[in-house]
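Laboratory data are not the source of any read-out in this text; all were calculated from the coordinates shown. Everything numeric in this text was worked out from a predicted model, so none of it was measured. Backbone-built Cβ (ideal geometry, glycine too); neighbour counts: all protein chains shown.
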Amino acid sequence: MAHIKPKRGPEPVFPPFEYSELLSEANFGDWRDELVTKGYTVIKGAVPREKALAARNEAFEWLEGFHLGFKRDDPSTYKNEYLPNHMKGGMIHGYGIAHEQWLWNLRAEQGVVDAFAKLWGTDELITSFDSAAIMLPSRTDIVDAGRWEHIDQSPSRRGLYCVQGILNLNDCGPDDGGLMILEGSAPIVEKFFDTIGREETRTWGPVDFYSFTDDQHQWFYDQGCTWTKVCCEPGDLILWDSRAMHYNVLPKGKTDRTVAYICMAPAKLLSEEDRQKRKIAFEQYLGTTHVPFAALHLRPHVPGVRVDTGLPDPLDTGIPRNPREATDRVLKLSGIKAY
Ligand SMILES: [Fe+2]
């Protein structure tokens with residue numbers, strides 16, 4: 001153990017969480033058992049295949065709609081200069097994307113809502129205002145930033161806190177871009193921190209995040225954890241426990257990775273203060289992190305800086321080109337309208 005950074009920090013300080021024991025035992029008799037034991041699961045056909053592919057088409061129309069020169073049938077346009085701002089090969093956060101109608105349509109899909117309803121035991125849910133990723137294949141103008149193994153939960157929390165989702169809109173095989181999960185890490189990550197200690201202070205970044213060093217990985221390998229590339233089809237919903245170590249990989253083959261990040265949780269977890277923040281986010285088309293009910297760090301929209309010009313992108317107004325319609329379902333999933 002001497003090779004692992006032995007920082008002995010404070011014991012967990014967060015208040016008890018109502019659902020912390022929800023995934024403690026694999027005795028459901030359905031996909032929730034895999035979520036418990038492996039830390040992730042794939043819900044096949046949460047959205048019908050054709051609908052998912054149609055949403056991928058909408059995503060590409062959205063991309064082409066900036067009129068920067070990107071054309072889906074011309075790989076020579078798979079370059080920063082022809083694309084809106086993005087990070088890590090295709091994760092998009094600007095342009096009010098979180099509130100585009102095509103993305104909201106996916107959040108409102110019955111199969112997506114049903115999956116989270118089964119998980120939490122209630123269909124009174126709120127959703128994150130998270131974004132999408134369109135990772136184009138065979139790009140020559142970007143450098144693979146490499147692995148960034150992390151969990152999306154503070155080391156100081158006890159038990160379950162959040163289950164994240166990726167709605168897959170394209171075929172996703174072994175060579176295609178996608179999610180890497182350290183199978184078996186979720187159930188033992190708390191033991192890891194109890195053993196090696198917790199960071200004493202945080203100096204940057206969100207609370208619900210921890211990035212692991214290479215030598216810390218060995219502790220998990222010694223416990224039998226193994227990396228898995230999650231493969232799935234259009235319309236499949238990947239769910240993973242935020243305690244599972246994960247990162248993503250860029251496409252290696254000829255297939256684009258097009259996904260929507262969707263995370264839902266019980267509406268009753270939302271405090272009145274956070275409800276007001278979500279109302280502002282909704283009205284101003286702001287995005288949030290994956291946690292729908294807390295940590296809502298609202299900031300006014302600032303246009304992203306383009307890598308090709310070094311200047312703020314005049315197209316990044318923060319307003320969606322086709323903003324979501326405020327239907328009853330959308331308002332309830334936003335947390336603005338009570339169930
Ligand atoms: Fe993550």
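Let's see if you can work this out: charge +1 on each Lys and Arg Cβ, -1 on each Asp and Glu Cβ, no other charges. What is the dipole magnitude of the chain about its Cα centre, in debye to the nearest 20?
420 debye
Compute the convex hull volume of the Cα atoms of region 134-213, divide it by the residue count, and report the result per residue in Å³ as a whole number.
Output value, Cα hull per residue: 145 Å³.
Are any of the pairs Lys88/Lys229; Lys79/Lys118; Lys118/Lys229; Lys252/Lys332 more than 29 Å apart by Cα-Cα distance, and if so, which?
Too far apart for the 29 Å limit: Lys79/Lys118; Lys252/Lys332.
Pull out the extension gain between Lys88 and Ser20, defined as 0.36 nm times the separation in residues minus the alpha carbon to alpha carbon distance; nm, one decimal.
Here the segment from Lys88 to Ser20 would lengthen by 21.3 nm.
Quick one: length gained pulling Asp175 to His150 fully straight, 0.36 nm per residue minus the C-alpha distance?
That works out to 6.8 nm of additional length.
Compute the whole-percent fraction of alpha carbon pairs in region 193-339 spaced more than 21 Å apart.
Counting pairs separated by more than 21 Å, the tail of P(r) holds 65 percent.
Using a Förster radius of 41 Å, what is the FRET efficiency between Gln101 and Asn27 based on their Cβ-Cβ separation? Nearest 0.05, please.
0.55
Taking the alpha-carbon centroid of each part, what is the distance from region 118-148 to region 43-60 in angstrom?
Answer, in whole Å: 15.
With unit charges on the beta carbon (Lys/Arg positive, Asp/Glu negative), name the residue among Tyr161, Gly287, Leu250 whose Cα is farthest towards the positive pole of the charge dipole of the chain.
Highest projection toward the positive end goes to Gly287.
Starting from the Cα-Cα distance between Val302 and Glu325, subtract it from 0.36 nm times their residue separation and give me the gain in nm to one decimal.
5.9 nm
7 Å from Cα along Cα→Cβ at both Asp141 and Asn80: what's the point-to-point distance in nm?
Going from the Asp141 label point to the Asn80 one covers 0.9 nm.
Rounded to the nearest 0.05, what FRET efficiency is calculated for Lys279 and Asp214 with R0 set to 41 Å and r the Cβ-Cβ distance?
Computed FRET efficiency for Lys279 and Asp214: 0.45.
Any idea what % of Cα-Cα pairs in the chain are farther than 39 Å?
11 percent
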